[in-house]
Amino acid sequence: MDRTAEFKAAVNSLLNRGQIQSSRQHHYTNANSPARKVVKRKALFDDRPVEISELTYVIKQDLSRLNAQTMALQQHVRSTAAKANRFTRQMDEHSTSLVIILQSRLANISMGFKEALEIRTESMQASKARQDQLLQSGGQPNNTQAQQQQQQQQQQGQSLQLPQTGILSSLRNTTRSPIGLVPTSASPPQPPNQYNNYGNNNIPQNGRMSPFMQPPPSRSPSSLSQHQHQQQYLNGSTEVEPYSSSSVHRRKGRVDDYHGQQQYEDDSESAGPASMLFQQQQHAPHVEQHIQNRSSAIEAVESTLQELGGIFQQLAQMVAEQRDTIQRIEANADDIELNINEAQNQLLRYYRNISSDRWLMIKIFLTIIFVFLVVSLVS
Amino acid sequence: MKLYAIYVVRNNVKPAKAITDAKDLASFGFFQRSSIAEFMTFMAQTISEKTQPGQRQSIEESNYVGHVYARAEGVAGVVITDKEYPTRVAFGLLNKILDEFTTKFPNSAAWTPEQCNFAELQQYIVTYQDPKQGDTIMKVQRELDETKIILHKTIESVLERGEKMESLVERSDVLSSQSKMFYKTAKKQNACCVIC
C-alpha cells in the first residue's frame, strides 16, 4: 500500500519529465503482488467468514485504488500524447502500451478475485444446504441467526461479481425501498463512499475494466446514475445495461434458490418470533420436504435398480466370454478322443499282427533254436 | 429406532381430544410407563391442536420426536418416535392410518373413544417398529440390496468358473498332445521294421 502512494507521488513528480516508463512499471507490479497474494490466500480460508469479509473488503479497496491510478496514468499519457512531438512519439506509444499492459494485469487479478468469490459462495451455499438438512427435523428458528450472518457475508463477498450472479446474494439482504435497494445488514458504510469517489475517476474507462470495477448498485442509489453515466462513455459495453435492468428485477420477484426455504427466511425475518406464525410459514416447505424425501428415496431405489441392471449385464458378458473357452475345451476333448481311438486301432492291428503272423512266429522260433544251439555249442 | 405411540386425535375442537391410540412403551421401566404415556398423550394433543389441516410437522421434544399430519376432515394422526426413526416412514404410516380411519369411520360425529375401535393401530405399531419392515419403499430397497449382494456373489463364482475353465483348457491341450504322441507311437509300432 505504501508503494502505491510512492508510485502516485512519482507519477506526479515525473509529469514534466516524461521519463515514466520503468519506475511506473516497477512500482505497479510491487503494488499488484500483495493483492495477488491476498487473493490466493483467500481461497484457502474456507471456514473463516469474518476474515474472508475483511479480506474481500481490503481487496476491493486495493483494486479500486489501483484502477483509479491506472486511469490517472492513462489520462496523463493521453495528455502527453496530445503534444505529438516527433521526438516523443515513440515514448508516447511505449507509455500507452505500458498502460494497457497494466490495465490488463489488473483485469486478470480482478478476474481471479471474482473466481475466488464464486468458489466461496458455492462453498457457503453447500454448507448452508448441509445445515438446513441437518436441522430440518429440529427447531428451525435457530437457523435464522446463522442464515442472516451468512447472508451478510455473502452480500459483502459477492458484490464484485458479474451482475447476473449478483442477484441472489444482494436480494436476500435488501429491503425493498422505493428509492432503490438499501442493505439491511450492518455492512460497513465506507465502501459506498469510496466507490463513489473512485467512480468519478473511473469515467474514462477502458472497456475491459468495466465489468470488474463497477461498484455494486445495491450499496447506493447514486452509483446507478454513475453507471448510466459510464455507459454513455463506453461504446457497446453490454454489461452495464443488464446491470441496471437487473436492479429493477431485484425489486420484484424473489430468486428461489432454496425453494420454499428462502421464502421462509425472508418471512421469518419480518415476522415475529411467535411459534404459531412460524409454524404456519413452515407449512409449505415442510410438505415439500416430505415430498422431496419421498422422491429422493424413490430415486435411490431407481439407482439401485440401474446398478442391478448393470451387474446383470456384466454377468452376461462374462458368461459369454467364457463360452469361447468352453468351445476350445470341447475341441480339445474331441481331438483327444480321436487320437486315442486311432491309437487303439493301431495297437489292435499290431496285436493282431503279432498274434496271427506265422512268418513272425517261425522267425522267432528259429531265433530261439539258434540261440540254444549256440549256447550248447559253446558249453 | 423405536416407535413409541400412534395417536388419532380430533383437532377440530379445542382442546384436541385423542380418539384412539396405541402405545408400545416396553422399553421404559414399569413405573415410568404411566407418566410417559400421559406425557405422550398431552404432547400429541398439543401438537395436533397447533397443526393446520393439510399440514405435516415434526416436533422434537427432549428425546422424542412427534410427527403429526392433520387431515382436512378434522382429525390428525400423531406418531411419537425416537430421533432416529426416519421421517418419511412416519409420515407414510400416518397417511395410511388416517386413510383407513376415515374410510372406516366417516361419520365425524362418531369420533369418540368409545365408538371408534381401531384395532389395527396396535398391529401397525408392531409392524412398524422396524421401519424397514413396514414401509413399502424401504422394503423394496432392502430386497434390491439383498439381490445386489447375491449378484455380487454370483459374479465372484462366475469368475472362479472362468479360472477353472482356463485350467481345463490347458489340461485338455496337454492331453490332446499326449494322445497324439500315443497314436504316433502306436502307429510306429505297426510300421516298424520287423526284427530280423
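The values are calculated or read from the model by the stated rules, or taken from the named source; none is laboratory data. The structure presented is a predicted model; accordingly, all values stated were derived computationally and were not measured. So basically every Cβ, Gly included, is an ideal-geometry build from the backbone, and we count neighbours across all protein chains shown. Protein only, heavy atoms only, side chains kept; ligands, DNA and RNA dropped before computing areas. Shrake-Rupley method; radii C 1.70, N 1.55, O 1.52, S 1.80 Å.
Descriptive notes on the structure:
- Of everything listed in (1) modelled with pLDDT under 80; (2) over 27 Å from the mean Cα position of the chain (by Cα); (3) buried (at least 19 other Cβ atoms within 10 Å of the Cβ), the single unmet condition for A:Ser79 is (3).
- Test: residue in segment B:37-46 that is of a type outside the set (Lys, Arg), open to solvent by less than 50 Å² (accessible area, probe 1.4 Å), facing chain A (nearest Cβ under 10 Å) and more than 23 Å from the chain's Cα centre (by Cα): no
- Hits in segment B:13-36 (condition: open to solvent by less than 50 Å² (accessible area, probe 1.4 Å) and touching a helix residue (DSSP H, G or I) at 6+ places or on another chain (Cβ under 7 Å)): B:Ala16, B:Ala18, B:Thr20, B:Ala22, B:Asp24, B:Leu25, B:Phe28
- If the condition is being more than 9 Å from chain A (Cβ to nearest Cβ) and crowded, with 16+ Cβ neighbours inside 10 Å, then segment B:156-180 contributes no residue at all.
- The condition of being modelled with pLDDT under 80, touching a His at 6+ places or on another chain (Cβ under 9 Å) and either among the polar types (S, T, N, Q) or open to solvent by 20 Å² or more (accessible area, probe 1.4 Å) (or both) holds for A:Gln136.
- Any hit, segment B:79-94, residues being away from chain A (no Cβ under 14 Å) and either open to solvent by less than 70 Å² (accessible area, probe 1.4 Å) or farther than 27 Å from A:Ala297 by Cα (or both): no
- Among residues of segment A:280-325, those that are open to solvent by 60 Å² or more (accessible area, probe 1.4 Å) and more than 43 Å from the chain's Cα centre (by Cα), counted: 2
- The condition (being without any contact (Cβ under 8 Å) to a residue 60 or more places away in the chain and open to solvent by less than 40 Å² (accessible area, probe 1.4 Å)) is satisfied by just one residue among B:Ser58, B:Ser62: B:Ser58.
- The residue that is nearest to A:Gln344 (Cα to Cα), among those in segment B:181-196 that are open to solvent by 60 Å² or more (accessible area, probe 1.4 Å) and among the hydrophobic types (A, V, I, L, M, F, W, C), is B:Phe182.
- Selection from segment B:99-148 of residues that are away from chain A (no Cβ under 14 Å), over 17 Å from B:Tyr4 (Cβ atoms), buried (at least 18 other Cβ atoms within 10 Å of the Cβ) and at pLDDT 80 or above: B:Phe101
- Candidates A:Val287, A:Val374 - the one that is among the hydrophobic types (A, V, I, L, M, F, W, C), modelled with pLDDT of 90 or more and part of a helix (DSSP H, G or I): A:Val374
- The residues of segment A:353-370 that are surrounded by 10 or more Cβ atoms within 10 Å (Cβ to Cβ), at pLDDT below 85 and more than 10 Å from chain B (Cβ to nearest Cβ) amount to a single one, A:Met361.
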